[in-house]
């Protein structure tokens, strides 16, 4: 395996630096060709780097809190671990970044400070809008790439073509899906269904995306019928949070069902291990978080309430996406996409 | 209890008329002041009415199939059970309609053939856009009214005010919530979050809806923090289907977990009754379906794959909404709402 440098934001995560440091150690132990650039306060990252051969320190005296306004925090806190991590990506000091900090702040910082990927539009090369992407477990036992999950609440139809190209490149490079089936999130599966916006996206996707199979409904994200589901960041975020809410409701109700009787409690005890495995499999922790596609570097955003296991998985996933050539695949997909021409001006 | 006539579409439902007929009988047995106007083919509804004192026949020789295009089917099949049921509502031959037929066709037929409720806009009384509404079980053990779930993929911000008024009236009249907390479905809870569209809705809702508490995310639909969640029909449908997809994924995974080991199978057997109760509680069957608000009559739309229990519950729910004065409450809420004035022209 080739050696890869991943910058890890020590200040990301609601639980403070402790689980992040344990996660770094676990990742280093699991991957002997991994190097970590640890971004955080001097008192934490310098001793860490001193004691470990494959860790370097990136001293960042500021931290962006989960409740800071993302854009203004990124603009004001230029010495924060998130901003310095993104600049390290830009300089090539690292090929990937893992942060369990604020999704909004990581997205804003990466958009501002990492070199954007470009696509041709109206005869000029223009930066793409980065989109937040995850590979979610589906009912067929596989994974479905879902983007955009919230970076861009308002986009143009031509942006959706870019999201589809990037999502499909992710499916090919990281998930090894040879010919991804790409669907457009809509309010019905028929070609005629949709809002005015998705109806404008439909013909562009049909003409420009190989493997485009049409509209899907909200349950298409996890049905296993599609490898990539594309949405604007508003609809995508709503679908994602709705799925999380529904899963939480069901888990709560299940817990009450088990706790509601003696035989239920006994079964709960007997099945505890398997149910915890199931919970872990369906949570994002096993893949470490969501990926921001569209910049020249692998950017992985963990959950705020993160565990050392999630940090380990996130760091290893970032390294594996670097080795899989994710950024190069996306760049090629954007290059080889039909130029937008005039229809989206 | 006052006597109420509910028109029941005998041809609705993927399972054919049999479960509908059993559901009608069960509803009649449960409510001695209920009368049913059974809409369907002569060979079915006439013998039914002959044998039962509280059933009258509405002969409808056409049926709209689940896969018919809703709007053209409603326009062409004027003698279908759905269209004739809607006309019966308009004439006052029934106060409510229950159909487990195509949601699109029932919505189109009710919009075309039942008298619309009106609201003042720019000095004139105009028909409201009907919206599809359900009361979904939430994590606090209560119900949250969710509208629009799919009738209107593209609306104006002022339509969203109407949906909020109608949803809140439903919560007050049917669910006995004295002061409903109303939220706008968005991609974040902060006031500044949203798409351009929801940002245009926000100030209108804040100024015109008593009990408006701001934005909620997709998980707000089932969190129990809100009594009413308002969305356009595109976002609402996506959230609804995403929740269904997530629940189905989780139930499948649970099933595999239980079937995956001998101890799991034993626990599955032991807990089967409780798990089925849970499934029933979370499915729409206990309330019979979704309600179309905005017309002068109670219109309840069941799932296509319906059971006799769902037909019974739907028919009884429709009767109970009639007795609760749902239509009058909505009409009052629309009347007493601030007139839209110029801001939405």
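The values are calculated or read from the model by the stated rules, or taken from the named source; none is laboratory data. Predicted model, so just to flag it, every value in this text is computed and none were measured. Using ideal geometry, Cβ is built from the backbone for each residue, glycine included, and neighbour counts are taken over all protein chains shown.
What residue, of B:214, B:224, is in contact (Cβ under 8 Å) with a residue 60 or more places away in the chain, on the phi > 0 side of the Ramachandran plot and more than 8 Å from every other protein chain (Cβ to nearest Cβ)? Full working, then the answer.
Details: B:214 fails: in contact (Cβ under 8 Å) with a residue 60 or more places away in the chain.
Criteria check complete, one pass: B:224.
Within segment B:235-259, which residues are facing chain A (nearest Cβ under 7 Å) and either over 29 Å from residue A:230 (Cα atoms) or not in a helix (DSSP H, G or I) (or both)?
Selection gives B:257 alone.
Looking at (1) surrounded by fewer than 23 Cβ atoms within 10 Å (Cβ to Cβ); (2) in a loop (DSSP other than H, G, I, E, B), which is the one condition that is false for residue B:126?
(2)
Specify which of the listed residues (B:168, B:173, B:183) is in contact with a strand residue (DSSP E or B) (Cβ under 7 Å, 6 or more places away or on another chain) and touching a residue at least 60 places away in the same chain (Cβ under 8 Å). Reasoning before the result, please.
Working: B:173 fails: in contact with a strand residue (DSSP E or B) (Cβ under 7 Å, 6 or more places away or on another chain); B:183 fails: touching a residue at least 60 places away in the same chain (Cβ under 8 Å).
After applying the criteria, what remains is B:168.
Can you report the number of residues in segment A:75-91 which are in a helix (DSSP H, G or I) and under 26 Å from residue A:35 (Cβ atoms)? Spell out the reasoning first.
Taking segment A:75-91 and keeping what is in a helix (DSSP H, G or I), we get A:75-76, A:81-91.
Filter once more, keeping what is under 26 Å from residue A:35 (Cβ atoms): A:81-91.
So the count comes out to 11.
Looking at this structure, is residue A:187 in contact with a helix residue (DSSP H, G or I) (Cβ under 6 Å, 6 or more places away or on another chain) and within 28 Å of residue B:68 (Cα to Cα)?
Details: in contact with a helix residue (DSSP H, G or I) (Cβ under 6 Å, 6 or more places away or on another chain): yes; within 28 Å of residue B:68 (Cα to Cα): yes.
Answer is yes for this residue.
From (1) more than 28 Å from residue A:36 (Cβ to Cβ); (2) within 14 Å of chain B (Cβ to nearest Cβ); (3) not in a strand (DSSP E or B), pick out the condition that doesn't hold for residue A:151.
Condition not satisfied by residue A:151: (1).
The rows are residues; the columns are (1) modelled with pLDDT of 95 or more; (2) out of contact with any strand residue (DSSP E or B) (no Cβ under 8 Å at 6 or more places or on another chain).
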position	(1), (2)
A:38	yes, no
A:49	yes, no
A:54	yes, no
A:62	no, no
A:70	no, yes
A:85	yes, no
A:91	yes, yes
A:131	yes, no
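Yes or no, residue by residue, for (1) touching a helix residue (DSSP H, G or I) at 6+ places or on another chain (Cβ under 6 Å); (2) more than 27 Å from residue B:239 (Cα to Cα):
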{"residue": "A:224", "(1), (2)": "no, no"}
{"residue": "A:235", "(1), (2)": "yes, no"}
{"residue": "A:238", "(1), (2)": "yes, no"}
{"residue": "A:245", "(1), (2)": "yes, no"}
{"residue": "A:254", "(1), (2)": "no, no"}
{"residue": "A:297", "(1), (2)": "yes, yes"}
{"residue": "A:301", "(1), (2)": "yes, no"}
{"residue": "A:320", "(1), (2)": "no, yes"}
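When residue A:267 is evaluated against the numbered criteria (1) under 30 Å from residue B:241 (Cα atoms); (2) within 14 Å of chain B (Cβ to nearest Cβ), which criterion, by number, is the only one it fails?
It fails just one condition, (1).
Conditions first: (1) without any contact (Cβ under 8 Å) to a residue 40 or more places away in the chain; (2) more than 10 Å from chain B (Cβ to nearest Cβ); (3) in contact with a helix residue (DSSP H, G or I) (Cβ under 7 Å, 6 or more places away or on another chain). Residue A:202 passes all but one, so which condition is the exception?
Exception for residue A:202: condition (3).
Can you tell which of B:94, B:112, B:65 is assigned to a loop (DSSP other than H, G, I, E, B), touching a residue at least 24 places away in the same chain (Cβ under 8 Å) and surrounded by fewer than 22 Cβ atoms within 10 Å (Cβ to Cβ)?
Details: B:94 fails: surrounded by fewer than 22 Cβ atoms within 10 Å (Cβ to Cβ); B:112 fails: assigned to a loop (DSSP other than H, G, I, E, B).
Result of the check over B:94, B:112, B:65: B:65.
If I ask for residues that are over 14 Å from residue A:317 (Cα atoms), in contact with a helix residue (DSSP H, G or I) (Cβ under 7 Å, 6 or more places away or on another chain) and surrounded by fewer than 19 Cβ atoms within 10 Å (Cβ to Cβ), which ones from segment A:22-43 would you list? Don't jump to the end; show me each part of the working.
Looking only at segment A:22-43, we keep the residues that are over 14 Å from residue A:317 (Cα atoms), and these are A:22, A:25, A:29, A:32, A:37-43.
With in contact with a helix residue (DSSP H, G or I) (Cβ under 7 Å, 6 or more places away or on another chain) added as a condition, the list becomes A:22, A:37-40.
Selection gives A:22 alone.
Here is a list of conditions, (1) within 30 Å of residue A:200 (Cα to Cα); (2) surrounded by fewer than 22 Cβ atoms within 10 Å (Cβ to Cβ); (3) within 14 Å of chain A (Cβ to nearest Cβ), and residue B:132 meets all of them except one; can you say which number that is?
Every condition holds for residue B:132 apart from (2).
Being more than 14 Å from chain B (Cβ to nearest Cβ) and outside any loop (DSSP other than H, G, I, E, B) is the filter; apply it to segment A:173-199 and report the residue that is surrounded by the most Cβ atoms within 10 Å (Cβ to Cβ). Write out each step before concluding.
At the first step, the residues of segment A:173-199 found to be more than 14 Å from chain B (Cβ to nearest Cβ) are A:173-182.
Then keep just the ones that are outside any loop (DSSP other than H, G, I, E, B); that gives A:173, A:182.
Values: A:173: 20, A:182: 25.
If we take residues in segment A:173-199 being more than 14 Å from chain B (Cβ to nearest Cβ) and outside any loop (DSSP other than H, G, I, E, B), then A:182 is surrounded by the most Cβ atoms within 10 Å (Cβ to Cβ).
Sort through B:219, B:207 and tell me the only one that's without any contact (Cβ under 8 Å) to a residue 60 or more places away in the chain and either more than 7 Å from every other protein chain (Cβ to nearest Cβ) or touching a helix residue (DSSP H, G or I) at 6+ places or on another chain (Cβ under 9 Å) (or both).
On the way: B:207 fails: without any contact (Cβ under 8 Å) to a residue 60 or more places away in the chain.
None of the others qualify; the one that does is B:219.
Taking segment B:138-159, which residues are surrounded by 20 or more Cβ atoms within 10 Å (Cβ to Cβ) and closer than 17 Å to residue B:218 by Cβ?
Within segment B:138-159, B:138, B:144, B:145, B:146, B:147, B:148, B:149, B:150 qualify.
Restrict the check to segment A:34-44 and report whether at least one residue is in contact (Cβ under 8 Å) with a residue 60 or more places away in the chain and part of a helix (DSSP H, G or I). Write out each step before concluding.
Applying the first criterion (in contact (Cβ under 8 Å) with a residue 60 or more places away in the chain) to segment A:34-44 yields A:34, A:36.
From the residues that got through so far, the ones that are part of a helix (DSSP H, G or I) too are none.
No; the residues of segment A:34-44 include none that is in contact (Cβ under 8 Å) with a residue 60 or more places away in the chain and part of a helix (DSSP H, G or I).
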